[in-house]
Amino acid sequence: MLSRSHLLLGLLLPGILLGPIAFAASATDTAPATGSRVSQLLARLDQVKRIGPVAISPDGLHVAWLLQGKQPTIQLTDIAGHHAQALNTGTELAGCAKRDIAWAPDSQEIAFIADCGHDLTNTQAVHNDIYLVGIDNKTAPRRLAELSGYARALAWTKDGRSLDFLYVSGATRLANAVAAGKARVGVIGEGDLELQRVGSIDVASGTLRTLTADTLYVYEFERSPDGTQIAYTAAPPPGDGNWWVAKLYVQEASANMVQRVVADPATMQGSLHGLQMALPRWSPDGARIAFIGGLMSDQGSNGGDLYSVPAAGGVVSDLTPGTAVTPRWFAWTAQDTLLVNQNVKGQVQLAAYTLSGDRASIQAPYFNLPATIGTGSSALSLSLSADHQRLAFQQSTFEQAPEVHAGTLGHTPPPAITSLNAAVKPDWGKAVSMEWTNEGHRVQGWLMYPANYDPHKTYPLIVNVHGGPSWDVLPYWPGMEAMYAASGYFQFMPNPRGSFGQGEAFVQANRKDFGYGDLRDILAGIDAVEKQAPVDDRRIGIAGASYGGFMSMFAPTQTQRFHAAVAAAGASDWQSYYGENRIDQWLIPYFGASLYDDPAPYAKSSAINFIKQTKTPTLIMVGERDEEAPPSQSFEYWHALKTLGVPTQLVVYPDEGHGFADSKHVQDYLERSMDWFAKYLAVGK
């Protein structure tokens with residue numbers, strides 16, 4: 001429902017993005033009292049240079065990446081990080097956002113998408129352009145296409161003649177459920193749908209063709225090795241709401257072709273029944289399509305088992321049944337081999353799987369890392385050379401800010417080839433992995449120590465619950481998300497049941513049980529923390545967004561353990577939520593049926609039904625146009641607390657969706673949450 005809760009990047013409920021949250025209250029009552037102090041802290045925590053998408057050239061000789069900022073640039077080095085230079089993308093694109101770096105097959109040119117005027121309110125027409133720039137850096141980029149709409153996921157055809165991509169013609173908002181929705185006025189649900197299709201640009205002429213039908217919203221796609229077919233996941237519109245019921249299609253790679261369904265979780269039997277699919281990838285011979293399948297709460301938050309299906313249709317095979325890890329990304333490296341990036345109890349592991357019939361067997365892992373690695377374009381994805389012998393990605397840990405890593409695929413992790421953030425040091429204390437046992441589950445989480453930790457003192461503790469719930473906390477550079485640890489708190493980030501990292505059985509362990517087993521796992525984790533660290537049990541807070549926002553609303557109705565709460569983009573009443581959100585399909589896999597067929601599980605997990613047990617002072621924040629966690633859910637919880645005399649405050653941020661776009665809103669959110677905990681948990685007490 002809601003995804004990971006990285007405080008400044010966005011939020012999630014299945015579709016709910018709960019990650020770094022950027023909320024700024026430019027809109028309501030007074031500014032936080034400690035704004036100046038917090039502003040100084042946040043400025044200090046936000047000194048890193050931000051790395052965008054990373055891509056290795058097909059010949060494995062060069063690496064390109066986006067250096068973000070007010071003047072985003074595409075950086076280029078050789079595979080060892082030498083001869084760094086910024087590519088000439090022209091003065092007219094200096095301040096434009098850039099996305100989707102895609103190397104041409106000859107490794108001499110790079111395509112990218114430029115967005116020179118995105119409207120943060122998601123109400124104005126989107127205009128994206130596709131450019132091509134040579135790595136010789138002698139000429140300005142050439143514009144291949146000027147698009148009246150939103151484009152993403154650039155991919156070259158192997159012959160280098162065309163560029164495929166996902167395209168929403170006439171878009172007024174980003175093609176993402178966490179983006180701010182349209183105003184709910186006028187006739188609702190009729191005539192305002194935006195459709196994402198597979199488009200293709202002829203590089204020589206700039207001619208645009210649309211390959212997929214106008215009856216399907218496409219989420220992911222890939223061309224077959226011979227270039228004649230495309231495989232894609234799609235569902236009827238609205239796209240934001242129907243990803244959870246997407247089917248896998250195959251068709252010829254031309255316009256107006258008939259598509260055929262090769263996998264439909266709604267009708268098949270077995271472990272994938274009623275679940276989700278992600279990352280469809282053709283085998284090298286074009287005979288099979290592999291994908292990740294499982295219980296996933298948001299598009300892009302991939303995790304599950306590895307599956308395979310004949311490209312012509314047939315039996316869908318679970319290649320990794322019963323596995324105790326969570327594959328998050330993969331690529332074919334040979335006819336019978338997959339390279340898989342997976343979560344293993346809070347760490348990333350890169351491993352090869354060998355396919356034999358309808359099973360895949362893991363080989364000795366290449367390496368494990370207490371880190372987060374990825375290209376910046378999708379969760380934990382890697383960029384591989386054409387021969388699969390070299391790779392590139394960005395990497396960060398709790399101790400090391402992001403850098404670009406690249407090198408040969410082997411049992412030694414590729415080294416950093418940049419030192420952009422070498423001088424940046426954490427403003428928080430050490431972070432340690434913790435494991436504890438609860439109700440037969442071996443649960444894992446991360447504990448971040450406060451800055452300037454003194455073992456002779458006791459400290460307050462803030463529990464950060466991630467979004468999802470199908471999500472995870474991996475070691476990463478948290479920046480402003482570590483504001484609590486940087487300000488004298490222990491910060492606990494658990495991966496309770498429902499999280500990735502221990503296989504599908506663990507992910508599915510909280511189905512029809514939201515807020516119960518996962519909360520008991522968290523409470524047991526707090527007990528484990530208190531045995532290890534000097535935490536004052538009278539000063540424990542809880543915070544989260546999306547699913548973490550729900551837990552921050554629900555937990556105080558079940559226990560008096562928490563003495564303050566910050567709930568962002570949460571759900572207080574699953575029964576009313578079902579009819580208010582715009583992504584209701586995500587609920588059925590988790591609750592077992594629609595609200596109208598079986599209301600009992602929804603009532604069981606609704607905080608509002610236990611609201612009189614709540615004594616916890618709660619700060620509530622939400623975006624005005626959040627489609628995944630409608631603001632009415634926050635109003636409902638706030639109204640109840642006000643009626644019961646429980647200290648509370650509600651902040652609604654104008655023009656924001658599930659993920660916040662305005663940096664002022666982010667800072668306001670952070671300042672308010674810091675003030676709230678300082679008031680009720682009294683650091684230094």
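The set of residues in region 338-366 that are more than 29 Å from P105 (Cα to Cα) and assigned to a strand (DSSP E or B) comprises N343, V344, Q347, V348, S356, R359, A360, S361, I362.
Let's see how each residue does on (1) over 30 Å from T172 (Cα atoms); (2) surrounded by fewer than 22 Cβ atoms within 10 Å (Cβ to Cβ):
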{"residue": "D573", "(1), (2)": "yes, no"}
{"residue": "W586", "(1), (2)": "no, no"}
{"residue": "D597", "(1), (2)": "yes, yes"}
{"residue": "K615", "(1), (2)": "yes, yes"}
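Scanning region 128-142 for residues that are free of Cβ contacts under 8 Å to residues at least 24 places away in the same chain and in contact with a Phe, Trp or Tyr (Cβ under 9 Å, 6 or more places away or on another chain) gives N128, R142.
Working carefully through the options P455, P450, P426, P413, find the one that is in contact with a Leu (Cβ under 8 Å, 6 or more places away or on another chain) and either within 20 Å of V325 (Cβ to Cβ) or not basic (K, R) (or both). Can you show your working first?
Values: P455 fails: in contact with a Leu (Cβ under 8 Å, 6 or more places away or on another chain); P450 fails: in contact with a Leu (Cβ under 8 Å, 6 or more places away or on another chain); P426 fails: in contact with a Leu (Cβ under 8 Å, 6 or more places away or on another chain).
From the options P455, P450, P426, P413, the qualifying one is P413.
Of all residues in region 436-447, none are buried (at least 19 other Cβ atoms within 10 Å of the Cβ), out of contact with any His (no Cβ under 8 Å at 6 or more places or on another chain) and not in a strand (DSSP E or B). May I ask you to verify whether R390 is in contact (Cβ under 8 Å) with a residue 12 or more places away in the chain, out of contact with any helix residue (DSSP H, G or I) (no Cβ under 8 Å at 6 or more places or on another chain) and within 29 Å of Q508 (Cβ to Cβ)? The answer is no for R390.
Checking the structure you have, find out if any residue of region 615-624 is over 21 Å from L670 (Cβ atoms), part of a helix (DSSP H, G or I) and more than 24 Å from the chain's Cα centre (by Cα). Scanning region 615-624, I find no residue that is over 21 Å from L670 (Cβ atoms), part of a helix (DSSP H, G or I) and more than 24 Å from the chain's Cα centre (by Cα), so the answer is no. Among the residues of region 518-539, write down those that are acidic (D, E) and either touching a helix residue (DSSP H, G or I) at 6+ places or on another chain (Cβ under 8 Å) or not in a helix (DSSP H, G or I) (or both). Of everything in region 518-539, those that are acidic (D, E) and either touching a helix residue (DSSP H, G or I) at 6+ places or on another chain (Cβ under 8 Å) or not in a helix (DSSP H, G or I) (or both) turn out to be D518, D536, D537.
For residues in region 653-685 being in a helix (DSSP H, G or I) and among the small types (G, A, S), which is modelled with the lowest pLDDT?
Start the filter on region 653-685 by keeping residues that are in a helix (DSSP H, G or I), which leaves 663-681.
Subsequent filtering for residues that are among the small types (G, A, S) retains 663, 673, 678.
Values: S663: 87, S673: 95, A678: 94.
Selected residue: S663.
Inside region 540-554, residues that are within 21 Å of the chain's Cα centre (by Cα), in a strand (DSSP E or B) and either of a type outside the set (A, V, I, L, M) or at pLDDT below 95 (or both) make up a count of 1.
The condition of being at pLDDT 90 or above, of a type in the set (A, V, I, L, M) and more than 15 Å from I113 (Cβ to Cβ) holds for only one of A231, A183, that being A231. Restricting the first member to region 662-674 and to residues that are in contact (Cβ under 8 Å) with a residue 60 or more places away in the chain, and the second to residues that are acidic (D, E), the beta-carbon pairs closer than 8 Å and six or more apart or on different chains are D662/D655; D662/E656; H665/E656. Residue count for region 224-250, restricted to those that are out of contact with any Leu (no Cβ under 8 Å at 6 or more places or on another chain) and either surrounded by fewer than 23 Cβ atoms within 10 Å (Cβ to Cβ) or of a type in the set (V, I, T) (or both): 11.
Any residue at all in region 629-651 that is part of a helix (DSSP H, G or I), at pLDDT below 95 and surrounded by fewer than 21 Cβ atoms within 10 Å (Cβ to Cβ)?
Looking for residues that are part of a helix (DSSP H, G or I), at pLDDT below 95 and surrounded by fewer than 21 Cβ atoms within 10 Å (Cβ to Cβ), one finds none in region 629-651, hence no.
Look through region 488-506, keep the residues that are more than 18 Å from Q347 (Cα to Cα) and surrounded by fewer than 24 Cβ atoms within 10 Å (Cβ to Cβ), and return whichever of them is nearest to the chain's Cα centre (by Cα). Within region 488-506, the match that is nearest to the chain's Cα centre (by Cα) is A505.
Here are A334, A255, A324: which of them is at pLDDT 95 or above, more than 26 Å from the chain's Cα centre (by Cα) and farther than 19 Å from E220 by Cβ? Show your work before the answer.
Numbers: A255 fails: at pLDDT 95 or above; A324 fails: more than 26 Å from the chain's Cα centre (by Cα).
A334 is the lone residue from the list that is at pLDDT 95 or above, more than 26 Å from the chain's Cα centre (by Cα) and farther than 19 Å from E220 by Cβ.
The values are calculated or read from the model by the stated rules, or taken from the named source; none is laboratory data. Bear in mind the structure is a predicted one, so any value in this text is a computation, not a measurement. Every residue, glycine among them, receives a Cβ derived from its backbone with ideal geometry; neighbour counts consider all protein chains shown.
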